[in-house]
Amino acid sequence: MTREEIIQAENLVYRKPELLNDVPMHYCPGCSHGVVHKLVSEVVAEMGMTEKTIAISPVGCAVFAYKYIDVDWQEAAHGRAPALASAVKRLWPDRLVFTYQGDGDLACIGTAETIHALNRGENITIIFINNAIYGMTGGQMAPTTLLGMKTVTCPYGRDPKLHGYPLKMADIAAQLEGTCYVTRQTVHTVAAIRKAKNAIRKAFEYSMQGKGSNLVEIVSTCNTNWRMSPVKANQWMEENMVPYYPLGDLKDNGK
Amino acid sequence: MAEKEVTLMKGNEAIAHAAIRCGCDGYFGYPITPQSEVLETLAAEKPWETTGMVVLQAESEVASINMVYGGAATGKRVMTSSSSPGISLMQEGISYMAGAELPALIVNVSRGGPGLGTIQPSQADYFQTVKGGGHGDYRLITLAPASVQEMADFVDLAFELAFRYRNPAMILSDGAIGQMMEKVVLPPFKPRRTTEEIAKECPWATTGRIGMRKPNIITSLELRSEEMEQNNLRIQAKYRVIEEKEVRYEDYKTEDAEYLIVAFGSAARIAKKVIAIAREQGIKVGLLRPITLWPFPYGRIAELGKQVKGILSLEINAGQMVEDIRLAVECKVPVKWYGRLGGIIPEPEEVVEEIKKMTC
Amino acid sequence: MAKMRGATVVDVERCKGCGLCVVACPLKVLALTTKNVNMKGYNYAETVLEDTCTGCTSCAIVCPDGCITVYRKKEE
């Protein structure tokens, strides 16, 4: 059988999701954002919600998410995406409303908006990319930076006496009465990506069923600012991030 | 025709009732004196059970204005209210809305500053409101009510202007107008717009891709300088149209005036009493009351500047609008300022004394 | 048992040469170019063991930029 015989439309088994358009993404090579963008695109389309999705992008690397996924987007001020989403969902209860935020945006400047939106039980999903660093601004310390981890603003390693401790936002979210589903996933292997996709789908479905707020944390990499190759960054994440940010569902009240 | 219903209420309550009646889709606010009655009245009225209007007490003014940003970005008629320190917190969001060209209403029932200041009335937020407040080149359509009736009337007007020009609009009131009770005729009920009407009137709105139209994106971000300059030029061109078409003011006894008071809001009410006293004493004083603070009635003040011997800017602040009056008359006529600070409302008699000084 | 035959098509200009597909492939079908680069200057992923591919889609699933399209056909 020749390659040409295999490459036929009827034999297609995987292609870039349709909602992810052809605009080249600005993300660094190997960045986790791209995988999560694909998953979000797939889930929105599979749920048949393309016409009813309103997404909110943050300030940070994902600020331009609106250029890549073909749904309606609002670009929020730094940290405020959950406030936008709260209003949008209350004004448009039949819409699928989600925010897409990084750890600087969600766990630092936007902590208040995040916790209060989740605690009010807004029927939204927050997708939280946690790569333990500020990517867009050039690798500064984030609230989620691990102890001992070096960044350009803690070049000798994060020291709890100087910088306090890495913040476990999903653990906090799970304690809030308003949250329905809180989960922590990764996207560094095929199996992990499948699980992460199921988590996003579950969160979106719960939000549409009016079961409360949902947080899907994706423990991610930032190979550029971690100063590693993409492959090495995935290994480092597994060895260092995952022990501090354990994977799995922290709460599932939607069952 | 049904007789118009006259009721007695506070300015803050009038804002809330007018919002429900003018098809407002959502209110997002945070308590602060002296405007808390807006949120309290809405909570008591439960409009979500009648018109379907959303009312949400946010975790902060920062969250409130960003809820307004989100709601406005979907083409809904949304608003917030606060008082000076809270409005300071909202400036980032207001700048984003101006940049993303979103229509919304912000009500400032202002109080004395700086800092935590006082809960008593003040007009010290004039500069913040009409000169920027937040970052970047932008303008805020600003209406200054001088009565409880105007508090009620300006809610719908502000929304109409905001949507006509896709720009945030502010009602700049103060603690006196917000707290005092007066008779008011509330506006007639107007239904909230349907999804179809929003899609038609706001084709830019992020409602979801209805009918699989192209995605709508609401953002103020553009990293390419050439594009960002074009965005700015487009917004500036819009501001010039607003300056040309939307200036509003009230002339009061200006026909024969030899001296002119320029005052807005609460100060304009005092000015009318000043004029009555001064005219009894043979001094012909008139009032020009700017109703829109931006766009400012430069043209009308310039005309009156040619007629009068002196202008007094009466403000409940340390002299802010006086700068715009001087710009308007190009220093061709003396322009003085008088005001009180710290939450003190000037007495008419002390203003009459200032007028007399000008006549010497 | 029927054998599955696969083929991958890499959108060369979209590829940033991150190499995640290379390690994701259980059969080492893909490799990054060593001499050729795309218009952006990246070494890109290419099929080096054409006959080995089973069309499992692992490479495409992990690709952050959605560069890889996969086809699969049962060998008669």
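Looking only at region B:63-92, count every residue that is within 16 Å of B:Leu39 (Cβ to Cβ), in contact (Cβ under 8 Å) with a residue 60 or more places away in the chain and in contact with a Phe, Trp or Tyr (Cβ under 9 Å, 6 or more places away or on another chain) and tell me the total.
The total comes to 2.
Does region B:133-142 include one or more residues that are modelled with pLDDT under 95, outside the structural domain of B:Trp337 (by TED's automatic domain parsing) and not β-branched (Val, Ile, Thr)? Don't jump to the end; show me each part of the working.
Step one: filter region B:133-142 for residues modelled with pLDDT under 95, giving B:133.
Now drop any that are not outside the structural domain of B:Trp337 (by TED's automatic domain parsing), which leaves B:133.
Checking the rest, the ones that are also not β-branched (Val, Ile, Thr) come to B:133.
Yes, because at least one residue in region B:133-142 is modelled with pLDDT under 95, outside the structural domain of B:Trp337 (by TED's automatic domain parsing) and not β-branched (Val, Ile, Thr).
Looking only at residues that are more than 9 Å from chain C (Cβ to nearest Cβ) and not hydrophobic (A, V, I, L, M, F, W, C) in region A:5-23, which one is farthest from A:Asn225 (Cα to Cα)?
Residue satisfying both the conditions and the ranking: A:Glu18.
From the list C:Cys15, C:Cys67, C:Cys25, C:Cys56, exactly one residue is within 20 Å of A:Gln235 (Cα to Cα) and of a type outside the set (S, T, N, Q). Which is it? First the steps, then the outcome.
Working: C:Cys15 fails: within 20 Å of A:Gln235 (Cα to Cα); C:Cys67 fails: within 20 Å of A:Gln235 (Cα to Cα); C:Cys56 fails: within 20 Å of A:Gln235 (Cα to Cα).
The match here is C:Cys25.
Hey, among A:Arg201, A:Arg184, which residue is in contact with a helix residue (DSSP H, G or I) (Cβ under 9 Å, 6 or more places away or on another chain), more than 14 Å from chain C (Cβ to nearest Cβ) and under 20 Å from A:Thr114 (Cα atoms)? Let's see the steps before the verdict.
Details: A:Arg201 fails: under 20 Å from A:Thr114 (Cα atoms).
Being in contact with a helix residue (DSSP H, G or I) (Cβ under 9 Å, 6 or more places away or on another chain), more than 14 Å from chain C (Cβ to nearest Cβ) and under 20 Å from A:Thr114 (Cα atoms) holds for just one of A:Arg201, A:Arg184, which is A:Arg184.
Is there a residue in region C:35-46 that is basic (Lys, Arg) and not in a loop (DSSP other than H, G, I, E, B)? First the steps, then the outcome.
Restricting attention to region C:35-46, the residues satisfying the condition of being basic (Lys, Arg) are C:35, C:40.
Filter once more, keeping what is not in a loop (DSSP other than H, G, I, E, B): none.
Within region C:35-46, not a single residue is basic (Lys, Arg) and not in a loop (DSSP other than H, G, I, E, B).
With the structure loaded, tell me whether A:Arg158 is in a loop (DSSP other than H, G, I, E, B) and surrounded by fewer than 24 Cβ atoms within 10 Å (Cβ to Cβ) or whether it fails that test. Before the answer, list the steps.
Details: in a loop (DSSP other than H, G, I, E, B): yes; surrounded by fewer than 24 Cβ atoms within 10 Å (Cβ to Cβ): yes.
Here the answer is yes, as A:Arg158 does meet what is asked.
Quick one: which strands (runs of 3 or more DSSP E) lie wholly within region B:120-238 and hold at least 1 residues that are of a type in the set (D, E, K, R), under 21 Å from B:Phe296 (Cβ atoms) and touching a helix residue (DSSP H, G or I) at 6+ places or on another chain (Cβ under 8 Å)?
Working: elements: B:141-143, B:168-174, B:181-185.
Strands (runs of 3 or more DSSP E) meeting the threshold: B:168-174.
Of all residues in region C:1-58, which are more than 10 Å from chain A (Cβ to nearest Cβ) and among the charged types (D, E, K, R)?
Result: C:Lys28, C:Lys35, C:Glu46.
In the set C:Val29, C:Val62, C:Val23, C:Val70, which member is touching a Phe, Trp or Tyr at 6+ places or on another chain (Cβ under 7 Å) and either at positive phi or among the aliphatic types (A, V, I, L, M) (or both)? Don't jump to the end; show me each part of the working.
Values: C:Val29 fails: touching a Phe, Trp or Tyr at 6+ places or on another chain (Cβ under 7 Å); C:Val62 fails: touching a Phe, Trp or Tyr at 6+ places or on another chain (Cβ under 7 Å); C:Val23 fails: touching a Phe, Trp or Tyr at 6+ places or on another chain (Cβ under 7 Å).
The conditions single out C:Val70.
Find the strands (runs of 3 or more DSSP E) located wholly in region B:278-360 whose residues include 1 or more that are of a type in the set (Phe, Trp, Tyr), touching a residue at least 24 places away in the same chain (Cβ under 8 Å) and in contact with a strand residue (DSSP E or B) (Cβ under 8 Å, 6 or more places away or on another chain), and list them. Give the steps one after another, and end with the answer.
Values: elements: B:285-290, B:292-294, B:310-314, B:335-338.
Of the strands (runs of 3 or more DSSP E) lying wholly inside region B:278-360, those with at least 1 residues that are of a type in the set (Phe, Trp, Tyr), touching a residue at least 24 places away in the same chain (Cβ under 8 Å) and in contact with a strand residue (DSSP E or B) (Cβ under 8 Å, 6 or more places away or on another chain) span B:292-294, B:335-338.
Against the conditions (1) under 15 Å from the mean Cα position of the chain (by Cα); (2) in contact (Cβ under 8 Å) with a residue 12 or more places away in the chain; (3) within 30 Å of A:Leu91 (Cα to Cα), where does A:Asn198 fall short? Just the number, please.
So A:Asn198 meets the others, but not (2).
Restricting to region C:10-34, name every residue that is within 27 Å of A:His26 (Cβ to Cβ) and surrounded by fewer than 16 Cβ atoms within 10 Å (Cβ to Cβ). Please lay out each step first, then the result.
Narrowing region C:10-34 to residues within 27 Å of A:His26 (Cβ to Cβ): C:10-25, C:30-34.
Result: C:Glu13, C:Thr34.
The values are calculated or read from the model by the stated rules, or taken from the named source; none is laboratory data. As the structure is a prediction and not an experimental result, all values here were calculated from the model. Cβ: placed from backbone, ideal geometry, glycine included. Neighbour counts: every protein chain shown.
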